[in-house]
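The values are calculated or read from the model by the stated rules, or taken from the named source; none is laboratory data. On a predicted model such as this, the values are computed, not experimentally measured, just so you know. Using ideal geometry, Cβ is built from the backbone for each residue, glycine included, and neighbour counts are taken over all protein chains shown. Just so you know, the surface numbers come from the protein's heavy atoms only, side chains and all, with ligands and any DNA or RNA stripped out. Shrake-Rupley method; radii C 1.70, N 1.55, O 1.52, S 1.80 Å.
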Amino acid sequence: MDPIDAYIRVPRPSAVMVWTPEQTRLFLEEAGRHPLFALYRLITLRGLRRGEACGLRWKDIDLDTGAVSISWQLVQLAGRIHEGRPKTDASLRTIALDAETITILRAHQRRQREEQLAAGEAWKGTGFVFTQADGDRLHPQHVSDQFLWLAYLAGLPPIRLHDLRHGAASLMLAAGVEMKVVQETLGHTSSAFTADTYTSVFPQVAMAAAEKTAALLLGDDDEGRGVLRQLRA
């Protein structure tokens, strides 16, 4: 049996699973050697959907200000790639990038330019941030397949690529980010939907908030570290 087939057949205790922060760090370390590292980092930290990450264009990114406009997507239907605007107005949004992600995207841009020079006239100027070696669009399923392979190599419990998006929400909530900001970052229609989806995270978030409040008053720098393992489907 293919090792990846065996890997993904491991029973899941919940329909929606997320890695702990430490497991997520291990994944990013493994992904750091992959050409799509910047894509996986964006999904991991900013919660992009697969189609949004695949459909990201350089004209949608301002690396000077760290602002990314989510306004295009690539989706897979019956094995074929379709591109266009996201289906809901809430999905049209602008997200902010941290300094390290900006640096990683700049390095990715330099590598892509080197690939363009190597391809010469065969280069397909699609304008997408994440492409094949000849500049053509990525196949979304390839992104999922590579994710599973990286997770397997890192020795991590199997989750879906989409679960990285859930993990991003969990990390934001545990870090004390307001629900409204999490909703807007993920492109959810309402904060009520966001709150309902991540109800099981609230006890850990509340504990971390209590610890941070006490630390602020008493001068204790220790922070509560909620372990985020399982979410409501």
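Based on Cα coordinates alone, diagonalise the gyration tensor for the range 46-105, multiply each eigenvalue by 5, take square roots, and list the semi-axes in whole Å, largest first.
Numbers: eigenvalues 102, 30, 17 Å².
Ellipsoid half-lengths, sorted descending, are 23, 12, 9 Å.
Rounded to the nearest 10 Å², what accessible area does PHE37 have for a 1.4 Å probe in the complete protein model?
30 Å²
For a Förster distance of 45 Å, can you work out the FRET efficiency between the beta-carbons of GLU22 and ALA90, rounded to the nearest 0.05?
Working: r = 32 Å, r/R0 = 0.70.
Computed FRET efficiency for GLU22 and ALA90 comes out at 0.90.
Heads up, I need the accessible area for LYS180: 1.4 angstrom probe, whole protein in place, Å², nearest 10.
Approximately 100 Å² for this residue.
Determine which aspartates and glutamates satisfy two conditions relative to LYS87: a Cα distance under 12 Å, and not lying fewer than 8 residues away in the same chain.
GLU52
What list of whole percents do you get for P(r) of the range 24-78, with Cα-Cα distances grouped in 5 Å bins up to the one holding the largest distance?
Result returned by the calculation: 4, 18, 24, 25, 17, 10, 1, 0.
How do ARG57, ARG49, ARG80 stack up against each other in accessible area, from largest to smallest, with a 1.4 angstrom probe? Let's see the in-between values first.
Values: ARG57 40, ARG49 65, ARG80 165 Å².
In descending accessible area the options line up as ARG80, ARG49, ARG57.
What Kirkwood radius, in Å to one decimal, follows from the Cα pairs of the range 1-158?
Values: mean 1/r = 0.0596 Å⁻¹.
Radius from the Kirkwood sum: 16.8 Å.
Using a 1.4 Å probe on the protein heavy atoms only, what accessible surface does SER71 show? Give it in Å² to the nearest 10.
Here the residue's solvent-accessible area equals roughly 20 Å².
So how far, in whole Å, is the C-alpha centre of the range 120-163 from the one of the range 46-104?
Centre-to-centre (Cα) distance: 14 Å.
Working with all protein chains in place, sort HIS162, HIS108 by solvent-accessible area computed with a 1.4 Å probe, largest first. It would help to have the intermediate numbers written out before the result.
On the way: HIS162 85, HIS108 15 Å².
Output order, biggest surface exposure first: HIS162, HIS108.
Keeping all protein chains in place and using 1.4 angstrom, which order do ILE43, ILE102 fall into by accessible surface area, from largest down?
Working: ILE43 5, ILE102 30 Å².
Most to least solvent-accessible, the answer reads ILE102, ILE43.
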